[in-house]
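This report concerns only the one structure given below.
The values are calculated or read from the model by the stated rules, or taken from the named source; none is laboratory data. These figures come from a predicted structure and were not determined experimentally. Every residue, glycine as well, gets a Cβ built from its backbone with ideal geometry; the counts of neighbours run over all protein chains shown. Ligands, DNA and RNA are stripped out before the accessible areas are found, and what is left, the full protein with its side chains, is counted by its heavy atoms. Shrake-Rupley method; radii C 1.70, N 1.55, O 1.52, S 1.80 Å.
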Amino acid sequence: MLSRSSFTSLVVGVFAVYVAHTCWVMYGIVYTRPCPAAADGAAGGCVWPYLARRPKLQLSVYTTTRSSIGAESNIDLVLNVDDFDIESKFERTVNVSVPKKTRNNGTLYAFVFLHHAGVLPWHDGKQVHIVSPLTTYMVPKPEEINLLTGESATQQIEAEKQTNALDEPVSHWRSRLTLNVMVEDFVFDGSSLPADVHRYMKMVQLGKTVHYLPILFIDQLSNRVKDLMVINRSTTELPLTVSYDKISLGKLRFWIHMQDAVYSLQQFGFSEKDADEVKGIFVDTNLYFLALTFFVAAFHLLFDFLAFKNDISFWKKKRSMIGMSTKAVLWRCFSTVVIFLFLLDEQTSLLVLIPAGVGAVIELWKVKKALKMTIRWQGLRPKFQFGAYNDSEKKTEEYDAQAMKYLSYLLYPLCIGGAGYSLLNVKYKSWYSWLINSFVNGVYAFGFLFMLPQLFVNYKMKSVAHLPWKAFTYKAFNTFIDDIFAFIITMPTSHRLACFRDDVVFLVYLYQRWLYPVDKSRVNEYGESYEEKSKKKAHRE
């Protein structure tokens, strides 16, 4: 059986191997080995870039309801760039006609051609093209209304009539089309072409050498849920923003892998909204911040696991609630459950929802331990029994109740006032949504106040020996990591402030640990004292 220290060392070792392996894989993606013969000027076995000939190119974008086209029938030209410069970025907005079939929950496709200037795409043997749907299916977000005045209720009823039912997916318009062309004059080794890029390559034989035509790529990661528009049956035209920028080979390979990862998530049952959360990590940050985010997230995961392990061990062995604020335990349970229900109501990504649900279950288990609760079943009816507290635990409860009494004078008016203000000025989907949002705003805005009873108990007892300091240490590391995330990742302002408020409370805990040195006659977090352990050892000897 592995000891706790050995198990922790094993976890840290596996984590180090995982990080090293990931770095090696990322290096293999970004770096591509060029053709060795190209350095000697030999053509054998090499695949040369057609763009090195500097051909005059033209960019054409067509739309059609068919997923494949063989001629110019039933297609609409929406954008034509005659003198296309692959080195110059641009962004243009055009109006696209929406066919009747698309308005009736059909699909509209964009065909992007890169071909020789002055030649129609289907008459050019060296043209390259790529296809992308301009529509996607998703359940429309329910309209929010003012719960007191009923404002926007009429519009909501009309929207329900148009979409038949709010729980049925309907066609949404992708208002952005982001194009890239790989511009590096890179010479590939024909015997070891990267599989990710190979599927985007089209080869032609020119004399004795093999060339690959321009690699055209559509960035699907830039299609965000916030840019989607519901297609109504009365809509005849919709705006489409076409943007272009050059891309390097390393970034192209990285982006292909990321798109494949997002597609795999959707194949495993993740919705468009879930996949959008992952897209935001890549699109909203540059590559340097993305690399930093990966390492920060990896360490966050490690510290989360270690904090979880030590927290569970602490509460499993705990036999006494001396020095522990029961109110603080109840508050953590309440706030965790409220945040989980809030995330559920907001239809948050499963990547966030599942860990929040697991955390809520663990906090409920802690409450059971803190209240010394046992559950006995009488048939189908549960019977709850609570254990008795000793004199020292009762003294702790007195301090706890005293702290909550002072805290309630400040906390309750703030929470009630905030809930009333939001009811008057903010729109919600339902009364349940308002209730959950009011609770979660109270948790974010004033939640740190519920950490104060534990500080008050520590002050009264002049001791911090009863606290789970190992778990606290790992959680502190995660708190500082959350501070970094607060600058990198887009999040609500209330959540960003919540990250920094935890820093202040933890610094107070550290000050109390310095102020109240360890007294070996006091009980520790497991209800034992150092002197008691020494007596047990002497008795055994």
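Between residues in region 51-67 that are in contact (Cβ under 8 Å) with a residue 60 or more places away in the chain and residues that are open to solvent by 30 Å² or more (accessible area, probe 1.4 Å) and in a loop (DSSP other than H, G, I, E, B), which pairs lie under 6 Å by C-beta distance while being six or more apart or on different chains?
Close Cβ pairs satisfying both conditions: Ala52/Asp185; Lys56/Ala117; Gln58/Ala117.
Mind listing just one residue for me: the one in region 169-192 that is part of a loop (DSSP other than H, G, I, E, B) and in contact with a Pro (Cβ under 9 Å, 6 or more places away or on another chain) and, of those, modelled with the lowest pLDDT?
Only one residue tops the list, namely Pro169.
Taking region 351-409 only, how many residues are open to solvent by less than 100 Å² (accessible area, probe 1.4 Å), touching a strand residue (DSSP E or B) at 6+ places or on another chain (Cβ under 9 Å) and of a type in the set (D, E, K, R)?
3
Do we have Thr102 as touching a Leu at 6+ places or on another chain (Cβ under 9 Å) and over 24 Å from Tyr244 (Cα atoms) here?
yes
For region 221-260, what are the residues that are open to solvent by less than 50 Å² (accessible area, probe 1.4 Å), part of a helix (DSSP H, G or I) and within 29 Å of Val170 (Cα to Cα)?
Leu221, Ser222, Val225, Asp227, Trp255, Ile256, Met258, Gln259
Residue-by-condition table, conditions (1) under 28 Å from Ser463 (Cα atoms); (2) polar (S, T, N, Q):
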site	(1), (2)
Phe295	no, no
Lys317	yes, no
Val337	no, no
Ala388	yes, no
Thr396	yes, yes
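Looking at (1) assigned to a loop (DSSP other than H, G, I, E, B); (2) open to solvent by less than 20 Å² (accessible area, probe 1.4 Å); (3) modelled with pLDDT under 85, can you tell me which one Pro214 breaks?
Going through (1) assigned to a loop (DSSP other than H, G, I, E, B); (2) open to solvent by less than 20 Å² (accessible area, probe 1.4 Å); (3) modelled with pLDDT under 85 one by one, Pro214 breaks only (3).
Is it fair to say Phe90 is aromatic (Phe, Trp, Tyr) and open to solvent by less than 20 Å² (accessible area, probe 1.4 Å)?
For Phe90, the condition - aromatic (Phe, Trp, Tyr) and open to solvent by less than 20 Å² (accessible area, probe 1.4 Å) - is not met.
Conditions first: (1) over 30 Å from the mean Cα position of the chain (by Cα); (2) over 19 Å from Glu184 (Cα atoms); (3) open to solvent by 30 Å² or more (accessible area, probe 1.4 Å). Ala20 passes all but one, so which condition is the exception?
(1)
Just to be sure, is Thr326 among the hydroxyl-bearing types (Ser, Thr, Tyr) and at pLDDT 80 or above?
Considered against the rule, which asks whether it is among the hydroxyl-bearing types (Ser, Thr, Tyr) and at pLDDT 80 or above, Thr326 comes out as no.
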